[in-house]
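Undergrad: Here it is: the structure, laid out below.
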Amino acid sequence: MTRGVTTWSGEPYFLNNVALGVCVVIGILVFGAMFIAMFRFRKSRGAVAEKWSHNTTLEIVWTTIPVIILIALAYLATGGLRTFADTTGSEMTVKVTGYQWKWRYDYVEYKGKAIESVGFMSKLDRESDETRQLNSGLDPKNVKVDGYNTYLINVDKPLVVPVGTKIRFVITAGDVIHSWWVPALGWKMDAIPGIVNATWTNINEPGEYRGQCAELCGQDHGFMPIVVKAVPKADFEKWLAEQQAQAKQPEPAAASTAEKPATAQVDAPVSQGHQG
Amino acid sequence: MAHDATHDHHDDHHGAPKNFFVRWCMSTNHKDIGTLYLVFSLLMFFIGGSFAMVIRAELFKPGLQLVQPYFFNEMTTMHALVMIFGAVMPAFVGLGNWMIPLMIGAPDMALPRMNNLSFWILPFAFALLLSTLFLPGGGPAGGWTMYPPLSLQGDSVAYLVFAVHLMGISSIMGAINIIATILNMRAPGMDLLKMPVFVWSWLITAFLLIAVMPVLAGAVTMLLTDKYFGTSFFNAAGGGDPVLFQHIFWFFGHPEVYIMILPAFGLVSEIIPTFARKPIFGYKAMVFAIASIAFLSFIVWAHHMFAVGLPLGGEIFFMYATMLIAVPTGVKVFNWVSTMWGGSMTFETPMLFAIAFVILFTIGGFSGLMLALAPADFQYHDTYFVVAHFHYVLVTGAIFAIIAATYYWLPKWTGHMYSETWGKIHFWNSVIWVNVLFFPQHFLGLAGMPRRIPDYNVAFANFNMISSIGGFLFGASQLIFVGVVLHCVFFSKKKAPDRVWEGAKGLEWTVPSPAPYHTFELPPVIHDDELAHGHIED
């Protein structure tokens with residue numbers, strides 16, 4: 001599992017490693033005992049079966065020890081959940097809407113100021129799309145950006161966000177259920193029609209972070225990737241100003257892509273779940 | 001011999017009917033119906049398996065080579081439905097039908113005609129379900145979980161819903177029959193706490209079935225009316241809630257996964273003591289652990305939904321409840337190991353599969369514990385890590401237990417020994433290839449590959465290719481199993497003794513091999529030292 005690049009994404013990584021370690025240790029003990037039993041207590045080595053069939057002390061011990069381990073794990077996990085659920089104090093809001101089979105990003109607010117008409121669709125890049133057709137004859141290995149294979153994980157227009165900023169995402173969907181997942185951010189959140197889920201991230205390092213839809217959403221479920229481009233704050237502000245300026249011009253092509261979808265308003269009540 | 005006292009002499013004049021149709025289609029005999037269930041389950045195992053082969057072939061390398069994405073989704077959906085409702089569940093009902101009356105000293109199931117009906121519904125249910133693949137619009141492609149609104153986009157909703165209704169009716173009738181048999185038909189002296197663990201596991205499973213199959217029926221009926229009658233149970237635009245379906249579905253779905261594993265616990269608890277020649281360790285703890293797991297299964301459903309945006313309190317509750325399951329499950333694993341400890345073991349094919357079950361199911365349990373940790377699940381959820389997890393508990397768990405039980409009782413059913421050599425060849429091929437198949441899927445999930453996708457980035461190529469190779473060879477290995485079973489039924493010359501295994505205990509070994517058409521027409525006399533779990537007095 002990736003360590004991730006946000007202030008929170010270390011939580012699942014850390015829990016994964018601790019839980020894996022615990023499981024490996026228990027596994028070695030249990031399977032070790034089993035293999036010793038299998039070699040020592042073979043009939044072919046003349047082993048004679050003993051008669052005992054319970055031992056209360058032993059049974060209490062191996063009920064209690066797992067409980068203690070579980071309490072420790074639960075304590076660690078609860079901390080991660082509490083910080084995850086706290087979406088307060090965000091400096092920016094982005095609305096994410098899942099459609100069959102593309103994502104829409106609307107920039108709602110930045111540093112307390114409402115943003116108007118910055119929003120766009122983001123879908124699978126053309127090169128991947130051509131390559132992924134049945135028997136296209138194109139080799140997925142050749143789909144590259146800067147020497148890095150981006151087959152099925154590149155989009156025409158990435159979500160651009162600033163680093164070092166607590167960004168609140170409000171996530172919903174226009175048709176069926178999708179799930180917005182960028183492993184480097186440390187979580188996925190279902191995009192559900194009629195429901196607005198809120199969650200947050202705070203990215204530490206600039207970079208391009210890639211992910212995919214994680215909830216089966218129909219035939220092209222495997223072909224709706226996500227790219228988050230994290231840039232320094234100054235670059236982001238410049239980019240945002242450009243987008244706003246573009247949106248003001250009466251350019252028909254830009255206007256149609258920036259048009260807000262009729263469904264699921266941005267200011268719909270956020271599901272109570274992540275308020276506290 | 002015990003069977004001289006218990007076994008009637010007039011079998012000859014009311015043995016199995018000679019007419020094929022009368023014997024198999026109109027049967028009310030628990031053994032014949034058990035056989036029907038097992039044969040049906042094997043057939044479905046191969047149909048479901050062929051769907052899996054399509055999936056693994058398409059995922060063999062990046063790029064789409066064989067099928068369109070929509071058909072791929074039909075395959076994943078049908079693979080799950082056929083394997084769960086067609087292969088695993090009927091196999092357990094078949095084993096229960098065959099063995100529960102023999103294990104508790106009953107002449108037959110309590111409700112023999114209903115037994116016939118509950119089996120013969122199944123072929124129709126699956127004909128309905130599988131026919132959708134040949135109809136315009138294709139089969140269901142929204143996943144076996146049938147989440148709306150996606151599942152409602154398909155054209156086969158009505159077929160799917162009615163097939164699920166039929167399977168549910170069949171399961172409920174089977175469960176009623178098993179409960180009625182166990183509670184009413186035990187031979188005098190076969191107290192509840194003297195029953196074999198397998199019988200206990202089925203008693204508890206049957207209650208789970210009766211509790212949750214109606215819930216599934218309700219959920220799919222709401223899908224049906226949403227699709228065709230304009231209701232809006234799950235339609236947000238009409239005031240409904242798509243997440244409500246998930247809550248109802250998983251309230252069924254989580255007990256359902258234990259329906260598929262508790263009888264396997266029972267089977268392994270029969271087989272390990274036999275080949276360790278030592279009574280099961282902690283009989284009461286084993287029974288109590290099964291009951292606790294069954295209870296917990298009702299209060300953990302939302303751990304399948306950590307990513308839907310549950311409130312913090314909900315996430316915490318379901319995480320804690322889920323983690324608790326590790327305790328009784330751990331007790332079971334420790335008890336199996338303790339049963340082996342100090343025994344006098346031999347390693348015939350059933351024992352090999354049972355040992356593989358304990359190890360590989362435990363690995364599935366470990367990944368289950370990891371998945372229970374909600375913050376980590378935000379990463380694991382809906383990835384190949386989950387796919388690896390549930391195949392470890394279902395294939396190397398449930399299916400390995402079913403295969404172990406088949407080898408264990410096959411000589412009792414047929415009166416002949418199977419080929420031990422070929423059984424072992426089957427075992428080693430299965431256990432090696434199943435790990436080649438599923439272990440790399442853990443890595444794929446951790447590396448970020450979502451499940452249910454027909455194509456993937458080249459970064460996932462190597463592990464997918466390994467997994468596919470393992471899949472093809474695991475699939476092919478199961479043909480050996482069919483060969484061994486056919487050989488044993490029709491060609492084996494080696495007669496099986498009544499007590500097939502040296503260390504075998506329990507009433508089923510007191511009747512002749514093959515088990516006569518009617519057994520225990522007079523209740524047997526129970527000798528406590530004959531029972532599978534040895535000392536039960538405190």
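Undergrad: Check A:Trp8: other-chain or 5+ apart residues with amide H under 5 Å from its amide H, H built from backbone geometry?
TA: A:Asn202
Undergrad: Sticking with this one: So if each residue of separation counts as 0.36 nm, and I subtract the Cα-Cα distance between A:Arg126 and A:Asn17, what length gain in nm does that give? Please report the intermediate quantities before stating the final value.
TA: Values: separation 109, 0.36 × 109 = 39.24 nm, distance 3.78 nm.
Separation in residues times 0.36 nm, less the Cα-Cα distance, equals 35.5 nm.
Undergrad: I need the calculated FRET efficiency for the pair B:Phe46 and B:Tyr228, taking r as the beta carbon distance and R₀ as 35 Å, to the nearest 0.05.
TA: With R0 = 35 Å, the Cβ-Cβ based efficiency is 0.55.
Undergrad: Quick check: the distance between the Cα centres of region B:343-366 and region B:12-66, to the nearest angstrom?
TA: Going from one Cα centre to the other spans 25 Å.
Undergrad: Enumerate the amide H contacts of B:Met345 below 5 Å, restricted to partners 5 or more residues apart or on another chain; note that Pro and chain-start residues carry no placed amide H.
TA: Sorted by chain and number, the residues that satisfy this are A:Arg42, A:Lys43.
Undergrad: To make sure I understand the rule: partners must be lysines, Cα under 29 Å from the Cα of B:Lys194, and not fewer than 8 residues away in the same chain. Which ones qualify?
TA: Here the lysines satisfying the reach criterion relative to B:Lys194 are A:Lys43, A:Lys51, B:Lys31, B:Lys278, B:Lys284, B:Lys332, B:Lys412, B:Lys505.
Undergrad: Using alpha carbons only, how many angstrom separate the centre of region A:123-165 from the centre of region B:271-307?
TA: Comparing the Cα centres of region A:123-165 and region B:271-307, I get a distance of 47 Å.
Undergrad: Given a Förster radius of 56 Å and the C-beta distance between B:Leu133 and A:Asn55 as r, what FRET efficiency does 1/(1 + (r/R0)^6) yield to the nearest 0.05?
TA: Step by step, r from the Cβ atoms, then E = 0.55.
Undergrad: Using the Cα centre of region B:28-530 as the reference point, and only Cβ charges (+1 on K/R, -1 on D/E), how large is the resulting charge dipole? Debye, rounded to the nearest 20.
TA: 700
Undergrad: Further question on the same structure: Sorted by mean Cβ packing within 10 Å, highest first, what order do the peptides B:419-425, A:226-232 take?
TA: The packing order, highest mean first, is A:226-232, B:419-425.
Undergrad: Calculate for chain B the 222 nm mean residue ellipticity that helices alone would give, adding -39,500 (n - 2.57) per DSSP H run of length 4 or more and normalising by residue count, nearest 500 deg cm²/dmol. Before the final figure, lay out the partial values.
TA: Values: 19 runs with 334 residues, N = 538.
That comes out to -21000 deg cm²/dmol.
Undergrad: Something else now. Need one number: nm distance between label points at B:Glu521 and A:Asp146, each 7 Å from Cα along Cα→Cβ, rounded to one decimal.
TA: Rounded to a tenth, the inter-label distance reads 8.4 nm.
Undergrad: If you count, for every residue in B:287-296, the Cβ atoms of partner chains within 10 Å of its Cβ, what is the mean?
TA: Mean inter-chain Cβ contacts per residue within 10 Å come to 0.
Undergrad: A further question on this structure: What value, in deg cm²/dmol to 500, does the helix sum -39500 (n - 2.57) over DSSP H runs of n ≥ 4 give at 222 nm once divided by the residues of chain A? It would help to have the intermediate numbers written out before the result.
TA: Working: 5 runs with 90 residues, N = 276.
Roughly -11000 deg cm²/dmol at 222 nm, from the helical runs in chain A.
Undergrad: Here is a follow-up. As a test of the definition: with a 1.4 Å probe, what buried accessible area, both sides summed, do you compute for A against B, in Å² to the nearest 100?
TA: 7600
Undergrad: With unit charges on the beta carbon (Lys/Arg positive, Asp/Glu negative), name the residue among A:Gln133, A:Gly222, A:Pro232 whose Cα is farthest towards the positive pole of the charge dipole of region A:92-269.
TA: It is A:Pro232, whose Cα lies furthest towards the positive end.
Undergrad: Right, here's the next one. Would you mind checking A:Lys102/A:Lys188; A:Lys188/A:Lys248; A:Lys141/A:Lys238 for any pair whose Cα atoms are more than 28 angstrom apart?
TA: As for pairs spanning more than 28 Å Cα to Cα, those are A:Lys188/A:Lys248; A:Lys141/A:Lys238.
Undergrad: Classify region A:129-232 as rounded, prolate or oblate, taking a ≥ b ≥ c as the square roots of the eigenvalues of its Cα gyration tensor: rounded when a/c is under 1.5, otherwise prolate if a/b is larger than b/c and oblate if not. Please report the intermediate quantities before stating the final value.
TA: Numbers: a/c = 2.91, a/b = 1.24, b/c = 2.35.
It is oblate, given that a/c is not under 1.5 and a/b is not larger than b/c.
Undergrad: What accessible area per residue comes out for region B:112-239, rounded to a whole number of Å², with a 1.4 Å probe?
TA: Here the per-residue accessible area is 36 Å².
Undergrad: Take the alpha carbon atoms of region B:107-136, find their center, do the same for region A:50-99, and report the distance between the two centers in whole angstrom.
TA: 41
Undergrad: Per residue of A:205-216, what is the mean number of Cβ atoms on other protein chains within 10 angstrom of that residue's Cβ?
TA: Average neighbour count from other chains, rounded to a whole number: 4.
Undergrad: What does the net charge come to around B:Gly154 if you take all other residues with beta carbon closer than 11 Å to its beta carbon, with K and R at +1 and D and E at -1?
TA: -1
Undergrad: Could you look at the protein assembly as shown and say what percent of its accessible area is carbon and sulfur, using a 1.4 Å probe and all protein chains?
TA: Reported share for carbon and sulfur atoms: 66 percent.
Undergrad: For region A:10-85, what is the accessible area per residue in Å² when the probe is 1.4 Å?
TA: Computed with neighbouring chains in place, this is 57 Å² per residue.
Undergrad: I'd like the accessible area for B:Leu371: 1.4 Å probe, protein heavy atoms, all chains in place, Å² to the nearest 10.
TA: Surface accessible to solvent at B:Leu371 totals approximately 20 Å².
Undergrad: Same structure, new question: What net charge do the residues around A:Thr78 carry, taking every other residue with its C-beta under 14 Å from that of A:Thr78, with Lys and Arg at +1 and Asp and Glu at -1?
TA: Here the charged neighbours net out to -3.
Undergrad: Going 7 Å from the Cα of B:Arg23 in the Cα-to-Cβ direction, what parts of region B:87-116 have a backbone nitrogen less than 19 Å from that spot?
TA: B:98, B:116
Undergrad: Moving to a separate point now. Quick one: which residues, 5 or more positions from A:Val182 or on another chain, have an amide H under 5 Å from its amide H? H modelled 1.01 Å from N in the peptide plane, none for Pro or chain starts.
TA: Distant-sequence amide H within range of A:Val182: A:Trp187.
Undergrad: Moving on to the next point. Give the residue list of chymotrypsin sites (Phe, Trp or Tyr not before Pro) in region B:294-390 that are DSSP loop and have at most 16 other beta-carbon atoms within 10 angstrom.
TA: Details: sites: B:Phe295, B:Phe298, B:Trp301, B:Phe306, B:Phe317, B:Phe318, B:Tyr320, B:Phe334, B:Trp336, B:Trp341, B:Phe347, B:Phe353, B:Phe357, B:Phe361, B:Phe366, B:Phe378, B:Tyr380, B:Tyr384, B:Phe385, B:Phe390; in loops: B:Trp341, B:Phe347.
For chymotrypsin sites (Phe, Trp or Tyr not before Pro) across region B:294-390 that sit outside H, G, I, E and B with at most 16 neighbouring Cβ atoms in 10 Å, the list reads B:Phe347.
Undergrad: So for the pair B:Phe288, B:Phe490, with labels modelled 7 Å out along Cα→Cβ, what separation do we get in nm?
TA: Distance between the two pseudo-spin positions: 5.0 nm.
Undergrad: Residues in region B:303-331 near a label at B:His247, defined as backbone nitrogen under 17 Å from the 7 Å Cα→Cβ point?
TA: Backbone N within reach: B:303-319.
Undergrad: Take every residue in peptide A:168-181, count the Cβ atoms of other chains within 10 Å of its Cβ, and give the average of those counts.
TA: Mean inter-chain Cβ contacts per residue within 10 Å come to 3.
Undergrad: Run the dipole for the protein assembly as shown about the Cα centre, Lys and Arg Cβ at +1, Asp and Glu Cβ at -1, nothing else charged, and hand back the magnitude in debye, nearest 20.
TA: Charge dipole of the protein assembly as shown: 1120 debye, to the nearest 20.
Undergrad: Same structure, new question: Pairing the Cα long axis of helix A:10-40 with the longest principal axis of chain A, what angle in degrees results, from 0 to 90 and rounded to the nearest 10?
TA: For helix A:10-40, the angle is close to 20 degrees.
Undergrad: Among the aspartates and glutamates, which fall within straight-line cross-link reach of B:Lys494, defined as a Cα-Cα distance under 14 Å, with same-chain neighbours fewer than 8 residues apart omitted?
TA: B:Glu420
Undergrad: Right, next: Positive end of the dipole of the protein assembly as shown, charges at C-beta (+1 Lys, Arg; -1 Asp, Glu), about the Cα centre: which of B:Pro62, B:Phe481, B:Thr349 has its Cα farthest in that direction?
TA: Value: B:Thr349.
Undergrad: Given B:Phe317, B:Gly168, B:Ser468, which one lies farthest toward the positive end of the charge dipole of region B:28-530, if we put +1 on the Cβ of every Lys and Arg and -1 on the Cβ of every Asp and Glu?
TA: With unit charges placed on the Cβ atoms, the residue in question is B:Ser468.
Undergrad: Further question: Just to be sure I understand the interface: list residues from region A:125-141 that lose 50 Å² or more of accessible area between the chain on its own and the complete protein assembly, 1.4 Å probe.
TA: Buried by 50 Å² or more upon assembly, which counts only protein chains, are A:Leu134.
Undergrad: Give a residue-ordered list of calculated ³J(HN,Hα) values for region A:78-84 (Karplus: 6.51 cos²θ - 1.76 cosθ + 1.60, θ = phi - 60°; whole Hz; x for Gly, Pro).
TA: Karplus values, whole Hz, x for Gly and Pro: 5, x, x, 5, 5, 5, 5.
Undergrad: So, one more: Remind me, relative contact order of chain A in percent, using alpha carbon pairs under 8 angstrom and six or more residues apart?
TA: 22
The values are calculated or read from the model by the stated rules, or taken from the named source; none is laboratory data. None of these values were measured; they are calculated from a predicted model. All Cβ positions, glycine included, derive from the backbone under ideal geometry; neighbour counts span all protein chains shown. These area figures cover heavy atoms from the full protein model, side chains too; ligands, DNA and RNA do not enter into them. Shrake-Rupley method; radii C 1.70, N 1.55, O 1.52, S 1.80 Å.
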